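Below is one structure, written out as C-alpha coordinates; the observations come after it.
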Amino acid sequence: MPQHIGIVACSAEGAALCYRTICLEGAEFLGPHGHPDLSMHTHSLAQYMSCIYANDWPGVAELMLSSADKLAKAGADFLICPDNTIHQVFDLVKHRSPRPWLHIAEEVAREAKRHHYNRLGVLGTRYLMEGPVYPEKLQQAGLEHRIPGPKQREKINQVIFEELVNAQFLPRSLAYFKEVIRELADEGCDAVVLGCTEIPLLVTEGMSPLPTLDSTRLLARAALKKAIA
(Lines give C-alpha, C1' and ligand atoms only; values in the text may rest on other atoms or scores of the structure.)
Protein backbone atom coordinates (compact mmCIF):
# COMPACT_ATOMS: atom_id res chain seq x y z
CA MET A 1 0.00 0.00 0.00
CA PRO A 2 1.27 3.51 -0.75
CA GLN A 3 2.16 5.71 2.19
CA HIS A 4 -0.30 8.33 3.44
CA ILE A 5 0.79 11.89 2.49
CA GLY A 6 0.08 14.78 4.86
CA ILE A 7 -0.04 18.32 3.45
CA VAL A 8 0.70 21.16 5.87
CA ALA A 9 -0.97 23.94 3.92
CA CYS A 10 -0.59 27.70 4.31
CA SER A 11 -2.16 29.56 1.38
CA ALA A 12 -5.11 27.98 -0.39
CA GLU A 13 -4.30 28.28 -4.09
CA GLY A 14 -0.82 26.76 -3.87
CA ALA A 15 -1.99 24.00 -1.53
CA ALA A 16 -4.86 23.18 -3.87
CA LEU A 17 -2.47 22.91 -6.83
CA CYS A 18 -0.24 20.55 -4.84
CA TYR A 19 -3.24 18.42 -3.81
CA ARG A 20 -4.61 18.25 -7.34
CA THR A 21 -1.22 17.32 -8.78
CA ILE A 22 -0.86 14.34 -6.46
CA CYS A 23 -4.40 13.16 -7.12
CA LEU A 24 -4.25 13.53 -10.90
CA GLU A 25 -0.71 12.24 -11.47
CA GLY A 26 -1.15 9.33 -9.11
CA ALA A 27 -2.94 7.49 -11.87
CA GLU A 28 0.35 7.21 -13.79
CA PHE A 29 1.60 4.88 -11.05
CA LEU A 30 -1.54 3.40 -9.53
CA GLY A 31 -3.93 3.06 -12.45
CA PRO A 32 -7.03 5.02 -13.44
CA HIS A 33 -8.21 7.36 -10.65
CA GLY A 34 -5.56 5.99 -8.30
CA HIS A 35 -3.56 8.06 -5.82
CA PRO A 36 -2.17 7.59 -2.30
CA ASP A 37 -4.17 8.45 0.79
CA LEU A 38 -3.92 12.19 1.24
CA SER A 39 -4.84 14.50 4.13
CA MET A 40 -4.45 18.26 4.39
CA HIS A 41 -4.69 20.71 7.25
CA THR A 42 -4.29 24.47 7.17
CA HIS A 43 -4.52 27.20 9.72
CA SER A 44 -5.85 30.51 8.44
CA LEU A 45 -3.39 32.38 6.26
CA ALA A 46 -4.18 35.38 8.46
CA GLN A 47 -2.65 33.55 11.44
CA TYR A 48 0.52 32.85 9.51
CA MET A 49 0.77 36.42 8.22
CA SER A 50 0.21 37.85 11.68
CA CYS A 51 3.31 35.98 12.83
CA ILE A 52 5.33 36.89 9.74
CA TYR A 53 4.47 40.59 9.94
CA ALA A 54 5.58 40.54 13.59
CA ASN A 55 8.81 38.70 12.66
CA ASP A 56 7.58 35.91 14.95
CA TRP A 57 9.07 32.97 13.08
CA PRO A 58 8.85 30.64 16.10
CA GLY A 59 5.09 31.32 15.98
CA VAL A 60 5.08 30.17 12.34
CA ALA A 61 6.82 26.98 13.44
CA GLU A 62 4.16 26.36 16.10
CA LEU A 63 1.40 26.65 13.50
CA MET A 64 3.19 24.16 11.26
CA LEU A 65 3.70 21.75 14.15
CA SER A 66 0.03 22.05 15.09
CA SER A 67 -0.93 20.98 11.57
CA ALA A 68 1.70 18.22 11.66
CA ASP A 69 0.21 16.79 14.86
CA LYS A 70 -3.29 16.76 13.37
CA LEU A 71 -2.08 15.05 10.21
CA ALA A 72 -0.12 12.44 12.14
CA LYS A 73 -3.29 11.63 14.08
CA ALA A 74 -5.11 11.34 10.75
CA GLY A 75 -2.61 8.66 9.69
CA ALA A 76 -0.07 10.55 7.59
CA ASP A 77 3.24 8.73 7.19
CA PHE A 78 5.21 11.80 6.09
CA LEU A 79 4.59 15.50 5.51
CA ILE A 80 5.05 18.20 2.89
CA CYS A 81 4.42 21.93 2.94
CA PRO A 82 3.54 23.57 -0.39
CA ASP A 83 4.63 27.00 0.84
CA ASN A 84 8.19 28.14 0.21
CA THR A 85 8.26 31.11 2.58
CA ILE A 86 7.50 29.24 5.78
CA HIS A 87 10.27 26.74 5.06
CA GLN A 88 12.36 29.44 6.73
CA VAL A 89 11.51 27.70 10.03
CA PHE A 90 12.06 24.17 8.75
CA ASP A 91 14.91 23.56 11.18
CA LEU A 92 12.64 24.57 14.09
CA VAL A 93 10.00 22.11 12.91
CA LYS A 94 11.69 18.95 11.71
CA HIS A 95 13.22 17.83 15.01
CA ARG A 96 9.93 18.26 16.91
CA SER A 97 7.69 16.87 14.20
CA PRO A 98 5.79 13.61 14.71
CA ARG A 99 6.51 12.67 11.09
CA PRO A 100 9.39 13.17 8.61
CA TRP A 101 9.23 15.86 5.93
CA LEU A 102 10.31 16.54 2.37
CA HIS A 103 11.90 19.97 1.81
CA ILE A 104 10.57 21.95 -1.14
CA ALA A 105 13.87 23.70 -1.98
CA GLU A 106 15.78 20.42 -1.92
CA GLU A 107 13.38 19.02 -4.53
CA VAL A 108 13.83 22.13 -6.69
CA ALA A 109 17.63 21.89 -6.41
CA ARG A 110 17.52 18.21 -7.32
CA GLU A 111 15.51 18.96 -10.46
CA ALA A 112 17.85 21.81 -11.40
CA LYS A 113 20.83 19.48 -11.17
CA ARG A 114 19.01 16.89 -13.27
CA HIS A 115 18.70 19.47 -16.05
CA HIS A 116 22.30 20.68 -15.60
CA TYR A 117 21.27 24.24 -14.79
CA ASN A 118 23.97 26.38 -13.19
CA ARG A 119 22.44 29.71 -12.17
CA LEU A 120 18.82 30.06 -11.08
CA GLY A 121 16.65 33.12 -10.77
CA VAL A 122 14.48 32.89 -7.65
CA LEU A 123 11.00 34.44 -7.50
CA GLY A 124 8.67 34.38 -4.51
CA THR A 125 7.48 36.52 -1.64
CA ARG A 126 9.85 39.20 -0.39
CA TYR A 127 10.48 37.04 2.67
CA LEU A 128 11.46 34.11 0.45
CA MET A 129 13.64 36.06 -1.99
CA GLU A 130 15.49 37.83 0.82
CA GLY A 131 15.55 34.84 3.17
CA PRO A 132 17.79 31.79 3.62
CA VAL A 133 15.64 28.99 2.21
CA TYR A 134 16.96 28.84 -1.35
CA PRO A 135 20.48 30.27 -0.87
CA GLU A 136 21.31 27.46 1.57
CA LYS A 137 19.89 24.60 -0.46
CA LEU A 138 21.16 25.83 -3.81
CA GLN A 139 24.64 26.42 -2.45
CA GLN A 140 24.68 22.90 -1.02
CA ALA A 141 23.83 21.63 -4.50
CA GLY A 142 26.60 23.69 -6.10
CA LEU A 143 24.18 26.08 -7.80
CA GLU A 144 24.34 29.87 -8.14
CA HIS A 145 21.26 32.06 -7.83
CA ARG A 146 20.06 35.61 -8.48
CA ILE A 147 17.04 37.54 -7.19
CA PRO A 148 15.33 40.63 -8.62
CA GLY A 149 16.18 44.13 -7.39
CA PRO A 150 14.52 45.76 -4.34
CA LYS A 151 11.71 47.54 -6.20
CA GLN A 152 10.94 44.42 -8.20
CA ARG A 153 10.87 42.32 -5.03
CA GLU A 154 8.32 44.68 -3.49
CA LYS A 155 6.14 44.59 -6.61
CA ILE A 156 6.29 40.79 -6.83
CA ASN A 157 5.39 40.54 -3.15
CA GLN A 158 2.44 42.86 -3.69
CA VAL A 159 1.14 40.81 -6.62
CA ILE A 160 1.40 37.60 -4.61
CA PHE A 161 -0.49 38.84 -1.56
CA GLU A 162 -3.02 41.10 -3.27
CA GLU A 163 -3.74 38.94 -6.31
CA LEU A 164 -2.36 35.41 -6.52
CA VAL A 165 -3.39 34.14 -3.07
CA ASN A 166 -6.85 35.49 -3.88
CA ALA A 167 -7.03 33.58 -7.18
CA GLN A 168 -6.59 36.69 -9.32
CA PHE A 169 -4.30 36.00 -12.29
CA LEU A 170 -4.12 39.20 -14.32
CA PRO A 171 -2.50 39.75 -17.74
CA ARG A 172 -0.65 42.86 -16.51
CA SER A 173 0.93 40.86 -13.70
CA LEU A 174 1.97 38.10 -16.09
CA ALA A 175 3.60 40.73 -18.30
CA TYR A 176 5.48 42.10 -15.28
CA PHE A 177 6.75 38.67 -14.23
CA LYS A 178 7.93 37.99 -17.79
CA GLU A 179 9.86 41.28 -17.78
CA VAL A 180 11.55 40.34 -14.48
CA ILE A 181 12.43 36.88 -15.80
CA ARG A 182 13.96 38.39 -18.95
CA GLU A 183 16.19 40.55 -16.74
CA LEU A 184 17.26 37.45 -14.78
CA ALA A 185 18.14 35.81 -18.09
CA ASP A 186 20.29 38.86 -18.91
CA GLU A 187 22.14 38.18 -15.62
CA GLY A 188 23.07 34.73 -16.85
CA CYS A 189 20.30 32.67 -15.26
CA ASP A 190 19.46 29.54 -17.22
CA ALA A 191 16.20 28.75 -15.36
CA VAL A 192 13.83 30.43 -12.91
CA VAL A 193 12.45 29.03 -9.66
CA LEU A 194 8.75 29.73 -9.23
CA GLY A 195 9.28 29.87 -5.48
CA CYS A 196 5.83 30.98 -4.44
CA THR A 197 3.40 28.12 -4.82
CA GLU A 198 0.85 30.35 -6.56
CA ILE A 199 3.22 31.70 -9.24
CA PRO A 200 2.83 28.59 -11.49
CA LEU A 201 -0.85 29.45 -11.77
CA LEU A 202 0.16 32.73 -13.42
CA VAL A 203 3.44 31.91 -15.17
CA THR A 204 3.40 28.68 -17.13
CA GLU A 205 6.36 27.04 -18.85
CA GLY A 206 5.26 28.17 -22.29
CA MET A 207 4.90 31.79 -21.17
CA SER A 208 8.24 32.17 -19.40
CA PRO A 209 11.36 33.55 -21.13
CA LEU A 210 13.36 30.95 -19.13
CA PRO A 211 12.71 27.30 -18.29
CA THR A 212 10.73 27.13 -15.06
CA LEU A 213 11.22 25.10 -11.91
CA ASP A 214 7.68 24.80 -10.57
CA SER A 215 8.24 24.28 -6.85
CA THR A 216 4.62 23.29 -6.20
CA ARG A 217 4.44 20.48 -8.69
CA LEU A 218 8.00 19.33 -8.03
CA LEU A 219 7.18 18.86 -4.35
CA ALA A 220 3.92 17.10 -5.18
CA ARG A 221 5.68 14.70 -7.56
CA ALA A 222 8.42 13.99 -5.04
CA ALA A 223 5.78 13.17 -2.43
CA LEU A 224 3.97 10.92 -4.87
CA LYS A 225 7.14 8.99 -5.69
CA LYS A 226 8.04 8.63 -2.02
CA ALA A 227 4.55 7.41 -1.19
CA ILE A 228 4.63 4.61 -3.76
CA ALA A 229 8.32 3.68 -3.42
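The values are calculated or read from the model by the stated rules, or taken from the named source; none is laboratory data. Bear in mind the structure is a predicted one, so any value in this text is a computation, not a measurement. Please note: Cβ atoms are built from the backbone with ideal geometry, for glycine as well, and neighbour counts cover all protein chains shown. The area values use the complete protein model at the heavy-atom level, side chains included, leaving out ligands, DNA and RNA. Shrake-Rupley method; radii C 1.70, N 1.55, O 1.52, S 1.80 Å.
Tabulated data for the structure shown
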item	result
Helices (runs of 4 or more DSSP H) wholly inside segment 82-194 that include at least 3 residues being touching a His at 6+ places or on another chain (Cβ under 7 Å), buried (at least 17 other Cβ atoms within 10 Å of the Cβ) and not acidic (Asp, Glu)	133-140
Within segment 1-34, considering residues that are among the acidic types (Asp, Glu) and over 15 Å from the mean Cα position of the chain (by Cα), the one most open to solvent (accessible area, probe 1.4 Å)	Glu28
Number of the exception - Glu198 against (1) surrounded by 23 or more Cβ atoms within 10 Å (Cβ to Cβ); (2) without any contact (Cβ under 8 Å) to a residue 24 or more places away in the chain; (3) among the acidic types (Asp, Glu)	(2)
Condition check for Ala68: within 18 Å of Lys226 (Cβ to Cβ) and touching a Lys or Arg at 6+ places or on another chain (Cβ under 7 Å)	yes
Positions within segment 205-229 being of a type in the set (A, V, I, L, M) and at pLDDT 95 or above, in sequence order	Leu210, Leu213, Leu218, Leu219, Ala220, Ala222, Ala223, Leu224, Ala227, Ile228
Number of positions in segment 25-34 that are under 22 Å from Phe78 (Cβ atoms) and either without any contact (Cβ under 8 Å) to a residue 12 or more places away in the chain or part of a helix (DSSP H, G or I) (or both)	6
Meets criteria (of a type in the set (S, T, N, Q) and assigned to a helix (DSSP H, G or I)) for Ser50	yes
Flag if Ala76 is out of contact with any helix residue (DSSP H, G or I) (no Cβ under 8 Å at 6 or more places or on another chain) and open to solvent by less than 20 Å² (accessible area, probe 1.4 Å)	yes
Long-range neighbours under 6 Å by Cβ, at least six apart or interchain, first residue closer than 15 Å to Phe161 by Cα and open to solvent by less than 40 Å² (accessible area, probe 1.4 Å) within segment 35-56, second aromatic (Phe, Trp, Tyr) and modelled with pLDDT of 95 or more	none
Boolean, Gln168 is under 19 Å from the mean Cα position of the chain (by Cα) and free of Cβ contacts under 8 Å to residues at least 12 places away in the same chain	yes
